[in-house]
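Before any comments, here is the structure.
The values are calculated or read from the model by the stated rules, or taken from the named source; none is laboratory data. Being a predicted model, the structure only gives us computed values, none of them experimental. Glycine also receives a Cβ, built like all others from the backbone with ideal geometry; neighbour counts cover every protein chain displayed.
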């Protein structure tokens with residue numbers, strides 16, 4: 001997926017994450033999509049997805065910024081909640 005974004009940011013499963021690297025607990029990472037930026041700020045759910053998109057090329061940065069806009073962010077959170085619920089059922 002990082003190739004699609006043309007991003008150098010790597011993704012890993014929470015079980016492979018070094019929790020001494022960020023102010024994050026394993027239970028938080030197990031329950032939600034998490035993005036940890038260079039300054040060790042943690043973002044969760046739809047906000048994490050938006051921040052991750054913003055690490056990509058110009059197109060994906062714009063998409064990520066759009067997801068953060070107040071009107072769209074509400075729908076992004078709802079969409080993330082639905083996807084998360086469906087995913088946990090499978």
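Here residue 29 does not fit the description of being at pLDDT below 70, out of contact with any strand residue (DSSP E or B) (no Cβ under 7 Å at 6 or more places or on another chain) and surrounded by 11 or more Cβ atoms within 10 Å (Cβ to Cβ). Restricting the search to helices (runs of 4 or more DSSP H) fully inside the stretch 43-90 and requiring at least 1 residues that are surrounded by 13 or more Cβ atoms within 10 Å (Cβ to Cβ), modelled with pLDDT of 90 or more and touching a strand residue (DSSP E or B) at 6+ places or on another chain (Cβ under 8 Å) gives 45-53. In the stretch 8-23, the qualifying residues are those that are part of a loop (DSSP other than H, G, I, E, B) and more than 14 Å from the chain's Cα centre (by Cα), and the one that is modelled with the lowest pLDDT is 8.
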